[in-house]
Structures are given as C-alpha cells and as structure tokens.
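S.K.: Let me give you the structure first, and then I'll get to my questions.
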Amino acid sequence: MANIYSAIKLICKQQSPCMVSFSTGKDSVVMLDLMMKHYRGEMKVAYFYFVPNLSYKERLLKYYEQKYNITIIRKPCWTTLRYLTGKSITQKDIMDSCRRELDTPYIASGMRKSESFARRAQLGSCDGVDEKYKWFYPIIEWKKADIDSYIKHNHLIVGKEYDDGFKHDLSTPDHDALLYIKNQYPSDYEKIIKTFPAMEAGIKKIEFFKE
C-alpha cells in the first residue's frame, strides 16, 4: 500500500514555481495545507469561481488568506467563460493561460485516485508528479478517511454544506445544491441566477413537485 505522504515528499524535491488550484473543498483544503507547510518553491494560489463574490466561498477564501498570509487569486472557471463568451473554452485553455500569466510551469491539483474508477484510470501510475503535463498531485494516494482525519487533527475549516449532508463543496452547484444555496444563502442565489438565468427553471420545477 502506498504511503499517503510519498507524493508530497516527491513534490517537495522540486523547486519550480507552482500554482495551487484551490476550490475550498475538503480535498483542496488538505492539499493547500500540505503545500503551504512543505513546498519550498515559489507558489501562487488561485480559486476558479463559478460566479464571483459568493459569500459562502469568500468566507473560506478570506479565512485561508489570513491563515497562511497569502493572496488567493480569483479567476473565472472554464465553464463560466464558455457560457459567457460562447467560445469553446476548455479547462486546459484556462490552466495553460494561468501558467503563462503567473509564470508557474506546474499546477497542483487535489485529485485522488480513490475518488472513482474514472479518476484512477485518469491518474494511472502517476506517483504524484506528472512531468509530461506539469502537474502535482499531493494527495493522489489519499482516501476519504485520510482527508477527514487530517482536517480534524489540523483544525481546518470547510464549508457548512458538508455538515448538512453534501459530499462535495458547492463550487459548481447542481439542482439540489442550488436549492440549498437558495435556502441558506439567498443573496448568493440571486447572484447565480442573474449570471445563469436558465438555472432557475430547474429550481422552480423541484419546488413545484415538492409542494
């Protein structure tokens, strides 16, 4: 069985500038903490938003900015840019643009092999450093129990949605998550609907059949 810390040890042998792609989700919070504690190369942190300035995201972003004394760069995610511009923008396009703009050849991701069969197939035999495509995977061998244990023992903060039964953070909400946002964060819901008005129809349909 692979040591869960083998990847971060391997990554820390590198000194290349790196961008940490931070979502505020559980995996991402653990990855950021590991990188901040152990990586000695130049590092920048970026958050890719679905809709900007959502309060439930900004609360976590500001908390971690203060915790690590850093500035987290806010940028639109590829799905948002594709919708707003009508162009065939991909995630790779956004990441390659960030590499050039921030001068960070490597990008650190919180992906894990144990997330799904598809993720395991995607990451293959990677040991934490993908030299070909210039990616770091600090928690590649971690399981969900490892993530939860690390968060608890290191007193890391995550979104309230986890306590309320969601398995993932609310970065790109589906209908159930959007309904939750409407009830918990109504002002954020209005921001989302203003940017993506078509999403409201799905919510109204769910509310109709619940009545």
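The values are calculated or read from the model by the stated rules, or taken from the named source; none is laboratory data. Keep in mind it's a predicted model, so treat the numbers as computed, not measured. Quick reminder, even Gly has a Cβ in these numbers, built from the backbone with ideal geometry, and neighbours come from all protein chains shown.
S.K.: Given the criteria surrounded by 13 or more Cβ atoms within 10 Å (Cβ to Cβ) and out of contact with any Cys (no Cβ under 9 Å at 6 or more places or on another chain), does TYR64 qualify?
M.R.: Here the answer is yes, as TYR64 does meet what is asked.
S.K.: Answer yes if at least one residue in the range 190-206 is over 26 Å from LEU60 (Cα atoms), without any contact (Cβ under 8 Å) to a residue 60 or more places away in the chain and among the basic types (Lys, Arg), and no otherwise.
M.R.: Checked against the condition, which is being over 26 Å from LEU60 (Cα atoms), without any contact (Cβ under 8 Å) to a residue 60 or more places away in the chain and among the basic types (Lys, Arg), the range 190-206 yields at least one hit.
S.K.: Across the range 116-133, what is the total count of residues that are touching a helix residue (DSSP H, G or I) at 6+ places or on another chain (Cβ under 8 Å) and either more than 22 Å from HIS38 (Cβ to Cβ) or in contact (Cβ under 8 Å) with a residue 60 or more places away in the chain (or both)?
M.R.: Total meeting the criteria: 5.
S.K.: Can you tell me which residues in the range 72-98 are of a type in the set (Val, Ile, Thr) and free of Cβ contacts under 8 Å to residues at least 24 places away in the same chain? Lay out the reasoning, then the answer.
M.R.: Let us first name the residues in the range 72-98 that are of a type in the set (Val, Ile, Thr), namely 72-73, 79-80, 85, 89-90, 94.
If the condition is that a residue be of a type in the set (Val, Ile, Thr) and free of Cβ contacts under 8 Å to residues at least 24 places away in the same chain, then THR85, ILE89, THR90 are the ones that fit.
S.K.: For TYR133, only one of the following conditions fails: (1) surrounded by fewer than 17 Cβ atoms within 10 Å (Cβ to Cβ); (2) over 15 Å from MET19 (Cβ atoms). What is its number?
M.R.: (2)
S.K.: Please determine whether any residue of the range 78-86 is in a helix (DSSP H, G or I), charged (D, E, K, R) and touching a Gly at 6+ places or on another chain (Cβ under 7 Å).
M.R.: No, because not a single residue in the range 78-86 is in a helix (DSSP H, G or I), charged (D, E, K, R) and touching a Gly at 6+ places or on another chain (Cβ under 7 Å).
To keep it simple, each residue is scored yes or no on (1) closer than 29 Å to THR80 by Cα; (2) crowded, with 16+ Cβ neighbours inside 10 Å; (3) hydrophobic (A, V, I, L, M, F, W, C).
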| residue | (1), (2), (3) |
| --- | --- |
| LYS9 | no, no, no |
| SER16 | no, no, no |
| SER23 | yes, yes, no |
| MET35 | yes, yes, yes |
| TYR39 | no, yes, no |
| PHE48 | yes, yes, yes |
| LEU54 | yes, yes, yes |
| LYS57 | yes, yes, no |
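S.K.: Hey, among the residues in the range 22-60 that are part of a helix (DSSP H, G or I) and of a type in the set (A, V, I, L, M, F, W, C), which one's nearest to the chain's Cα centre (by Cα)?
M.R.: Looking at residues that are part of a helix (DSSP H, G or I) and of a type in the set (A, V, I, L, M, F, W, C), I get VAL29.
S.K.: Is it true that ASP176 is in contact with a Leu (Cβ under 9 Å, 6 or more places away or on another chain) and farther than 30 Å from PRO17 by Cα?
M.R.: So ASP176 does not fit the description; no.
S.K.: Answer with yes or no whether LYS143 is modelled with pLDDT under 95, basic (Lys, Arg) and out of contact with any Asp or Glu (no Cβ under 9 Å at 6 or more places or on another chain). Steps first, answer last, please.
M.R.: Working: modelled with pLDDT under 95: no; basic (Lys, Arg): yes; out of contact with any Asp or Glu (no Cβ under 9 Å at 6 or more places or on another chain): yes.
Criteria not met by LYS143.
S.K.: Against the definition (more than 18 Å from PHE48 (Cβ to Cβ), aliphatic (A, V, I, L, M) and in contact (Cβ under 8 Å) with a residue 40 or more places away in the chain), how does ILE107 come out, yes or no?
M.R.: Answer is no for this residue.
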